[in-house]
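Visitor: My questions will all concern the structure given below.
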Amino acid sequence: MYNWQYKNWPNFKFDLTRLEEQLIDIKSSVSLVTGAVSSLPEQLQSDTLIQIMVAEALKTSEIEGEHYSRIDVVSSIKKNLGLIVEKSPANKNVIGLGEMLMDVRKSYKEPLTEEKLLEWHKQLMQTNKKINAGIYRKSDEPMLIISGSASDPTIHFEAPPSFRVPDEMTNFINWFNQDNSNEKDWKLNCPPVKAAIAHLYFESIHPFEDGNGRIGRAIAEKALSQGFGGPMLISLSKTIEKHRKEYYANLKEAQRKLEITKWIAWFVNIIHISHKETERLVKFIIIKMRFYDIYKNQLNDRQAKVIARMLEEGPDDFEGGINAKKYISITGCSKATATRDLQDLRKRGAICQIGGSGRSTSYSVNLYTP
């Protein structure tokens, strides 16, 4: 049996006793990140938001097997933030994804409505001619979540039949919009718990022909933003994508029962990890700011371009470091110039050697320069 087939659906049962410490830590992390970001210069606040939203856009798509150009995604996010972009993204799916993610942030205070969900779906699916964008599924065929070959498929989940979707979604939206602020039971006022339940509940209804995962993660973000009183500075999808197999395994298990303590514990941990990643990103941005305070007048145009490219990836740095060959590729300079620029950067302490020797010598940005 699936969860929606039980008589008491959707009365989920769970025990949060072992999660109290982690939930308190998440609340503290939210306050820490919000305070740290608000203390940054306006430009760095914008850069932080862009970096988080780009990660969310890329990873929420990759989970579904769709891979977009990072440059297009950055352009889409910047455009939706009202910033000037050199070139608008050509991919309309990227444009729609950026619009949806920005609307999730801007409309977080508003109640969840059917109109909003259909709008998000239309934004995501505007170029997919095979999908009925902006409407709930209506096919009489069972909605199956499967993997494997067509001749030997593995069925992971079967969603409620289409005729039940309108009523199921009405109940879901009413549940999501309940005001539990006066409830004494703390679990009803806990944003991470609501986000975990909302995601599972929505994914179990699976109201659309496609795009349910992306919208389900957006709903989880909305629950967190409403609960914590501001748009979230995390990328849930980035963390989920790193733990994709666990995600599908836990979701599959949770969709077969109404006792969901294990699912909530897993999802809350994903939120916890996501916040720690944001803390790490904010610390990186502060350290990067100090780095530029030291070296901003010491870098030539080529060096500045390479350093900026190396730091573009955030705390994880440029994959494999930088070497003369990559330096030439980024700047278009000669080998002699690349070698001279790198030696100069190393002498100044702006980069440090991380591997190899001779032609294979590679360097990393030395962000921890005293």
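Visitor: Taking a cut-off of 13 Å between Cα atoms, list the aspartates and glutamates near K87, but don't count ones fewer than 8 places away on the same chain.
Guide: D72
Visitor: List, in the order given, every pair from K283/K325; K59/K242; K27/K283; K106/K130; K79/K106 whose Cα-Cα distance in the structure shown is over 20 Å. Don't jump to the answer; show the numbers that get you there.
Guide: Working: K283/K325 30 Å; K59/K242 9 Å; K27/K283 18 Å; K106/K130 30 Å; K79/K106 14 Å.
Going by Cα-Cα distance, K283/K325; K106/K130 fall outside the 20 Å limit.
Visitor: Once the Cα atoms of segment 85-142 are picked out, what are the Rg and Dmax in Å?
Guide: Cα-based Rg and Dmax for segment 85-142 come out at 13.5, 47 Å.
Visitor: Cα to Cα, under 20 Å, and not fewer than 8 places away if on the same chain: which aspartates and glutamates meet these conditions relative to K252?
Guide: Partners found: D15, E62, E64, D152, E158, E168, E203, E209, D210, E241.
Visitor: Mind computing the radius of gyration and Dmax over the alpha-carbon atoms of the chain? Å is fine for both.
Guide: Using the Cα atoms of the chain, the pair Rg, Dmax is 23.2, 75 Å.
Visitor: Longest exposed-loop-site-free stretch of the chain, with chymotrypsin sites (Phe, Trp or Tyr not before Pro), DSSP loop and at most 15 other Cβ within 10 Å?
Guide: Values: sites that count: Y2, Y6, Y368.
Value returned for the longest uninterrupted segment is 7-367.
Visitor: Looking at the chain, identify the longest residue range that excludes and avoids all trypsin sites (Lys or Arg not before Pro) in DSSP loops having at most 15 other Cβ atoms within 10 Å.
Guide: On the way: sites that count: K7, K87, K109, K129, K130, K138, K184, R256, K257, K296.
The longest uninterrupted stretch comes out as 8-86.
Visitor: Tell me, what is the percent relative contact order of segment 3-283, built from C-alpha pairs under 8 Å that lie six or more residues apart? Walk me through the intermediate numbers first.
Guide: Working: 352 pairs, mean separation 75.9, N = 281.
Computed over segment 3-283, the figure is 27 percent.
Visitor: Right, here's the next one. Over 26 Å between Cα atoms: which of K78/K347; K305/K335; K122/K262 fall into that group? Write down the numbers at each step before the final one.
Guide: Working: K78/K347 36 Å; K305/K335 16 Å; K122/K262 33 Å.
Result: K78/K347; K122/K262 exceed 26 Å.
Visitor: So, one more: Of the chain, which part is the longest with no GluC sites (Glu not before Pro) in a loop (DSSP not H, G, I, E, B) and with at most 10 other C-beta atoms within 10 angstrom?
Guide: 87-318
Visitor: A follow-up question, please. Testing the spin-label approximation: label points 7 Å from Cα along Cα→Cβ at E158 and K257. State their distance in nm.
Guide: The two pseudo-label positions are separated by 2.1 nm.
Just so you know, all these numbers are worked out from the coordinates, no wet-lab data involved. Everything quoted here is computed from the prediction, not taken from an experiment. Note that we place each Cβ from the backbone using ideal geometry, even for glycine, and neighbour counts take in every protein chain shown.
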